[in-house]
Amino acid sequence: MKFKRIAALMLALMMAATVLSSCGQVEDEPLEPVETQAPITQAPETTPAPTTTETPTTTAPVTTAPPTTTAATTTEATTTTEATTKKSKDDYTVEAMTATMYTTQSLNVRKGPSTDFGKLGALAEGDEVKVTGRASTGWYQIEFKGGTGFVSNLYVTNEKPAPKTTKAPAVTTNSSGEEQEEFNDEETEEFDDNPVQTQTQTQTPAPSLPAENLTLSQWTKDNACEYMAGLFTDQKYIDALTRVAQAVVNLEPMVYLGDLISSDEVYDIAGKIIHIVGTGYCYFDRARINGSSLELLYYVGSKSEAQNMQSQLESKAAKIIDKCSGYSDYNKVKYIYEYLCKNTVYGGAYAGSTYGPIVDGGATCLGYAKATFYLLSKAGFDVVYDVGEDEQMHAWVKVKIGGKWYNVDTTWGDPQGGVTEKDPSYCNYDFLCVTDSYIRNTRVMVYDLSKYYSMPSATSNDLNWYVQNGYYCDTVADGEAAAKKQAAENAKDTTTKYTYIRLQFSSEKAFREFYDKYGIKAFHNAFISPATSARKGASRYSDYSSETKHTNSVTYSMELR
């Protein structure tokens, strides 16, 4: 499950830019959150920057570009509709990737991402392929003969194969006594690219291991989801997830759910809910629908490898949480938000896993959401997953702080391109502790999952980062006062290359009036120049558009001359 955001909904904060050249590659030294704004008004604390003590070790495929920083543009929003029934073979989506991978055996290249599609050709074992996307079926889109094709994700890997020992061709003689060479033409050898036999709705295989082998309390504890498991509306959904967890623990390739839930519910669980099982079981990649069964895909091939990944995750998570153990609840959430935003690049070999952002340093939106959920839950918070759509499916979390619920979306807090190309330490606070109405105004759809579990409502704006810092404005005059205050405070910093003036408006009308009034030159003359001669107004970042939903936020950078 992974999810791309359309340009119309890109975060407030960006000039038009391409994806970071380093996207998908692990940084040698993880970035550290550095607070550049005025201290929050709640329980002031000295919050040391989160650090990482372990260097990421994996170079990863890049998945869909996350919020790309864009200048104000007018873009038509793409509207998608939540699927409620099984899709046809042509009803699939592809999320962008950039990765070099290798085939593990000879396999077919097809016109679409399943064996339902015709063949375009074949690849030999060990062939290098340029991956350009991942389909919602799990298959990879690749460059092939000047166009694109699809191959099964079961038979490609990030690991470059060891050079093969070239066997000398056999030499024989023909009827004339001339020597001739015999070669084995591996290029023409084709293999079945989907070895799993499709289950029909009439088949009812028994689960391979009984659910009681793994207790509810054990798998929910392993996945830090004890609270969320208590929100499910029907025991059958918990029974289904318990069976999935049992299969995952045993690295089983398939799990049958047709005796517990309907095929539509299997579809929903595979796409929208199954991450509750994969939060702590970070070696579990994803599930694919196969009738009333789920095909389970893993990052590992053995239980010892799975246990090693899970152990690394638990150890690293404990260190991160320990860094903020003495903070107020709000500052704990803020620290974890900053840590993930500043120590994670978009993409990676474990992009959809909790392991990705916490240990390996790379993630797509599902990885960000899982890591946020896991760290917040381990830090003692009640947390739930929320899921919706931009152009594709997207995941984030809700967390309860001081008895009130707030949305936290670290994927969109970690913008790519634009400002972060200049300042890698930059963090976007537009999606830290925001309301449901704010979330609905920044994406195409938020799914109604109330059939499956009770979703708490987030209505309080008290811990919105802009509110906490006094940068939340009702009028243009409020914005001017907040900008003047920030310019004066930031002028005192004579060493940091970039500082920022950030504003968020409570209404689109006030935001647009301020944005139209203060371009970079006008803003510099009105606020920066009176405060200091050492800095200039370098850039303005916003998602301003006349036709799209947005955050009503604008950021001006102040750069040392």
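Ordered by solvent-accessible area of protein heavy atoms (1.4 Å probe), largest first, the residues Asp116, Asp436 come out as Asp116, Asp436. Residue order by solvent-accessible surface for Lys398, Lys221, Lys378 is Lys221, Lys378, Lys398, largest first, with ligands and nucleic acids left out and a 1.4 Å probe.
Placing dummy labels 7 Å off each Cα toward the beta-carbon, the span from Ser217 to Asn308 is 3.2 nm. In this label model, Ser506 and Lys451 are separated by 3.9 nm, measuring between points 7 Å along each Cα→Cβ vector.
Both radii were evaluated on the Cα set of the range 358-401; the Rg over Rh quotient, with Rh as the Kirkwood radius, amounts to 1.00. Separation of the range 100-120 and the range 428-463, taken as the distance between their Cα centroids, equals 39 angstrom.
Here the scattering of the range 211-283 is modelled by Debye summation over its C-alpha atoms, one equal scatterer each and no solvent; at q = 0.18, 0.19, 0.22 Å⁻¹ the log10 of I(q)/I(0) is -0.64, -0.72, -1.00.
The share of C-alpha pairs in the range 508-561 whose separation exceeds 17 Å stands at 39 percent.
Sorted by average packing, counted as other Cβ atoms within 10 angstrom per residue and highest first, what order do 322-328, 245-251 take? Present the calculation step by step, with values, prior to reporting the outcome.
Values: 322-328: 14.6, 245-251: 21.3.
Per-residue Cβ counts within 10 Å, averaged per peptide and sorted highest first, yield 245-251, 322-328.
Taking 21 Å as the cut-off for C-alpha to C-alpha distance, list the pairs among Lys342/Lys422; Lys303/Lys342; Lys342/Lys509; Lys334/Lys497; Lys221/Lys319; Lys492/Lys517 that go past it. Pairs exceeding the cut-off: Lys303/Lys342; Lys342/Lys509; Lys334/Lys497; Lys492/Lys517.
The values are calculated or read from the model by the stated rules, or taken from the named source; none is laboratory data. Note that the coordinates shown come from a computational prediction; the quantities given were computed from them, not determined experimentally. Please note: Cβ atoms are built from the backbone with ideal geometry, for glycine as well, and neighbour counts cover all protein chains shown. Keep in mind that these areas ignore ligands, DNA and RNA; they rest on the heavy atoms of the full protein, side chains included. Shrake-Rupley method; radii C 1.70, N 1.55, O 1.52, S 1.80 Å.
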